[in-house]
Each structure stands twice: as C-alpha cells, then as structure tokens.
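**Student:** What follows is a single structure, and I will ask about it in a moment.
The values are calculated or read from the model by the stated rules, or taken from the named source; none is laboratory data. Since the model is a prediction, treat every value here as computed from it, not as a measurement. No Cβ is skipped: glycine too gets one built from the backbone with ideal geometry, and neighbour counts run over all protein chains shown. Protein only, heavy atoms only, side chains kept; ligands, DNA and RNA dropped before computing areas. Shrake-Rupley method; radii C 1.70, N 1.55, O 1.52, S 1.80 Å.
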Amino acid sequence: MFGVDQGREAVMVYSEHAFVAMIGRPDRMETLMRVVRGLNPQLMVVTETEANNNSPQFSARFVDTLFHYGAVFDSVDACMGADDESRTFMEGGIMGRMISNIVAREGEERVIRGVKLDVWRAFFRRFEMVERRLGPVAWQQARLVHETAPNGEFCTVERDGKAMVIGWKGTPLVSVSTWKFFRSARLVNGSKHLRIEFE
C-alpha cells in the first residue's frame, strides 16, 4: 500500500533505535526486514545504541550498563539544566526504564538488548545488505557540532570502517551506519582480477 512512482521517487529508510528492542524477538526483526526490503529503499540509515548489554551473565550486563549509561547521564548533565522538564522525563521516564529492563529482567521480559556495531553488520549482511560509506557532508556536520556545540570538546566522533561512532569522553554511545540491499551483481573483468560489483 506504499505507493512509489518508479523513476520519479525514491524511498529512504531511517531507523533510530528501532532494532535494540527487537534483538530478543528475532521473528519481529525478520518481519521488519522483509517489509523494509519490500519497500525497495535506495538507502537505509541506522542509528543504534553502541553498547554491549546483551550478555546472559548479570555481572557483565551490569558493568557495561553502568559504564554506558554513566556516560549518557554525564552528557545529559553537561548539556541540560537541572530543572529542564525534558531532562527529567528523559532520565526518569526513558533511561530509567531502559536501565531497569536491562539489569532487572531476564528472558523474554528483557526487551532492551544493546549490541555493538559489528553485531549489526553481521545481522544486515544476512539480509543481503552491503554497508555504504558515510559521505563527506555527514562528517563535516559531525565536526561542526563537535567544534561549536557547548561542551562539544567532550564529544567524540570516530570512524569505524564505513560508519560513525559518537561518544562522550571516550565512551562510545551511538553508531550511525548506512546500508543498501543487493540489487544485482555483475562481473567486472579487470587486467589481473575478476571481481563482483553490487549495484
């Protein structure tokens, strides 16, 4: 029911923290990926939490959550006033519930399961997606925010392969990566090598 005028319109998908709550529900992730593929997007931009709090061991999960959310709370404290209503809602309403779910729940009750970028890379490759390099404009914008935002000197912006990882005082917080579904493959005959290019 999503009508696209082929040749005149293009679909792009932006996913912001959508998959982190689906890791424990692989059937939902598979369904979502089939729907996304059916849209035939030109590009998919994925922003996800850069954490490793999916361990079945409580102690490992607790320590990673402590360090990750400690950096998140520190960044919020530096960037938002103590009496800011948005801060109160974010800290207590959103992050508090996420931390509680990660640390205090087990099995299917534990919905929030952060993983690192390499896990997402393996996942998207399973759906015949290829990672695309973030363009120079994305890096320029990230540098501009890094250099001009209040407390921007504490923010870290690093390249991880073709993706960007944004952190606070050296602790990675979020990854941004771009993906494209394989359309077709063609053989390219070079002077010494035969390679496959995906379009």
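**Student:** Could you report the chain's accessible area per residue, 1.4 Å probe, as an integer in Å²? Present the calculation step by step, with values, prior to reporting the outcome.
**Tutor:** Working: 12170 Å² over 199 residues.
Solvent-accessible surface per residue comes out at 61 Å².
**Student:** By Kyte-Doolittle mean hydropathy of at least -1.0 and Cα axial length of at least 30 Å, which whole DSSP H helices of the chain are selected?
**Tutor:** Result, helices passing both filters: 58-79.
**Student:** Under a GNM of the chain (C-alpha, springs under 10 Å), which listed residue has the highest mean-square fluctuation: D160, D83, D118?
**Tutor:** Its mean-square fluctuation being the largest, the pick is D83.
**Student:** To continue, here is another question. Calculated from the structure, Rg/Rh (Cα atoms, Kirkwood Rh) equals which of (i) 1.11; (ii) 1.02; (iii) 0.93?
**Tutor:** (ii)
**Student:** Ok, one more. Would you calculate the separation in nanometres between label points at L43 and M12, each defined as 7 Å from the Cα along the Cα-to-beta-carbon direction?
**Tutor:** Taking the two extended label points, one gets 0.5 nm.
**Student:** Still on this structure: Rounded, prolate or oblate: which fits the stretch 38-154 when a ≥ b ≥ c are the square roots of the eigenvalues of the alpha-carbon gyration tensor, with rounded for a/c under 1.5 and prolate only if a/b beats b/c?
**Tutor:** Oblate.
**Student:** In the full protein assembly as shown, how much of L66 is accessible to a 1.4 Å probe, in Å² to the nearest 10?
**Tutor:** Its heavy atoms expose roughly 100 Å² to the probe.
**Student:** Just name one of V63, W120, W168: the one whose Cα is farthest towards the positive end of the charge dipole of the chain (beta-carbon charges, Lys/Arg +1, Asp/Glu -1).
**Tutor:** W120
**Student:** Among residues other than M164 whose Cβ falls under 13 Å from its Cβ, what is the net charge (Lys/Arg +1, Asp/Glu -1)?
**Tutor:** Overall, the nearby charge balance is 0.
**Student:** Can I ask one more? Once the piece of chain linking I94 and T156 is laid out straight, how much longer is it, given 0.36 nm per residue of separation minus the C-alpha distance between them? Intermediate results must be reported in sequence, preceding the final value.
**Tutor:** Working: separation 62, 0.36 × 62 = 22.32 nm, distance 2.34 nm.
The I94-T156 span can extend by a further 20.0 nm.
**Student:** Could you calculate the FRET efficiency of R87 with S59 from 1/(1 + (r/R0)^6), where r is the beta carbon distance between them and R0 is 25 Å, rounded to 0.05?
**Tutor:** Computed FRET efficiency for R87 and S59: 0.25.
**Student:** Report in % the part of the accessible area of the chain that belongs to carbon and sulfur, leaving out ligands and nucleic acids; probe 1.4 Å.
**Tutor:** Ligands and nucleic acids excluded, carbon and sulfur give 56 percent.
**Student:** Then there is this: Report relative contact order for the chain in percent, whole number only (criteria: Cα-Cα under 8 Å, sequence separation at least 6). Kindly include the intermediate steps, with their values, before the conclusion.
**Tutor:** Numbers: 276 pairs, mean separation 48.3, N = 199.
Normalised by residue count, the contact order of the chain is 24 percent.
**Student:** Keeping every protein chain in place, order F127, F58, F19 by accessible area at 1.4 Å, biggest value first, i.e. largest first.
**Tutor:** Listed by decreasing accessible area, they come as F58, F127, F19.
**Student:** Another question, then. Let's see if you can work this out: charge +1 on each Lys and Arg Cβ, -1 on each Asp and Glu Cβ, no other charges. What is the dipole magnitude of the stretch 34-167 about its Cα centre, in debye to the nearest 20?
**Tutor:** 880
**Student:** Heavy-atom accessible area of V35 with all protein chains present, probe 1.4 Å, nearest 10 Å²?
**Tutor:** Here the residue's solvent-accessible area equals roughly 90 Å².
**Student:** Hey, can you rank 88-94, 23-29, 135-141 by average C-beta count inside 10 Å, highest first?
**Tutor:** Result, highest mean first: 23-29, 88-94, 135-141.
**Student:** Sort I102, I166 by accessible area with a 1.4 Å probe, largest first. Please list the in-between numbers first.
**Tutor:** Values: I102 0, I166 55 Å².
Descending order: I166, I102.
**Student:** Next question, about the same structure. Please arrange R159, R8, R105 by accessible surface area, largest first, computed with a 1.4 Å probe and ligands excluded.
**Tutor:** Values: R159 135, R8 195, R105 100 Å².
Most to least solvent-accessible, the answer reads R8, R159, R105.
**Student:** May I pose another question? Report the number of Lys pairs in the chain whose alpha-carbons are under 21 Å apart, with separation of 8 or more residues or on distinct chains.
**Tutor:** The result is 4.
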